[in-house]
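Q: Pasting in a structure now, in structure tokens, and then I'll have a few things to ask.
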Amino acid sequence: MSELKSAWELSLERTKDVVSKANRNLTDSQKKKIAEIRQDYKARIADKDVSVQHKIKKLADRVPPESLEAEKEILLAVFLDEKEKLEKEMEAEIESIYSKK
């Protein structure tokens, strides 16, 4: 019968998996490409954030006061969905570089 593992032991195993992924041998060009990808996606996300903040500020001029909060939540939800999509795209691009070895 196998032993039950504590939460600490399970966490340690997961950490080892993450560290082993991060310690893959990469060339300088691969590291540079990953940094460029991260920078590009960070800029895209920041651009979308600024855009949504601007739209939220302009809501008071376009929307009746009683629906202001609902419209704000919709804009934020759309932004969060777009941000999550961009983050997944970024991770997929980075993972493709890791697997090109």
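The values are calculated or read from the model by the stated rules, or taken from the named source; none is laboratory data. It should be emphasised that the depicted structure is a prediction, and the values quoted were computed from it without experimental measurement. Glycine also receives a Cβ, built like all others from the backbone with ideal geometry; neighbour counts cover every protein chain displayed.
Q: Name the pairs: first residue in the stretch 51-62 and under 18 Å from E82 (Cβ atoms), second residue outside any helix (DSSP H, G or I) and of a type in the set (F, W, Y), Cβ to Cβ under 6 Å, at least 6 apart or on different chains?
A: Listed pairs, sorted by first residue: none to list.
Q: Give the residues of the stretch 34-80 that are within 19 Å of E91 (Cα to Cα) and of a type in the set (S, T, Y), sorted by residue number.
A: Selection gives Y41 alone.
Q: List pairs: first residue in the stretch 68-92 and under 18 Å from K33 (Cβ atoms), second residue among the basic types (K, R) and at pLDDT 95 or above anywhere in the structure, Cβ distance under 6 angstrom, at least six positions apart or on different chains.
A: Between residues of the stretch 68-92 that are under 18 Å from K33 (Cβ atoms) and residues that are among the basic types (K, R) and at pLDDT 95 or above, the close pairs are L86/R44.
Q: For the stretch 5-21, state whether one or more residues are hydrophobic (A, V, I, L, M, F, W, C) and modelled with pLDDT of 90 or more.
A: No, the conditions are met nowhere in the stretch 5-21.
Q: Test L59 against the criterion of being modelled with pLDDT under 95 and assigned to a helix (DSSP H, G or I), and give yes or no.
A: Here the answer is yes, as L59 does meet what is asked.
Q: Next question, about the same structure. Would the stretch 93-100 turn up any residue that is surrounded by fewer than 13 Cβ atoms within 10 Å (Cβ to Cβ), at pLDDT below 95 and not in a helix (DSSP H, G or I)?
A: yes
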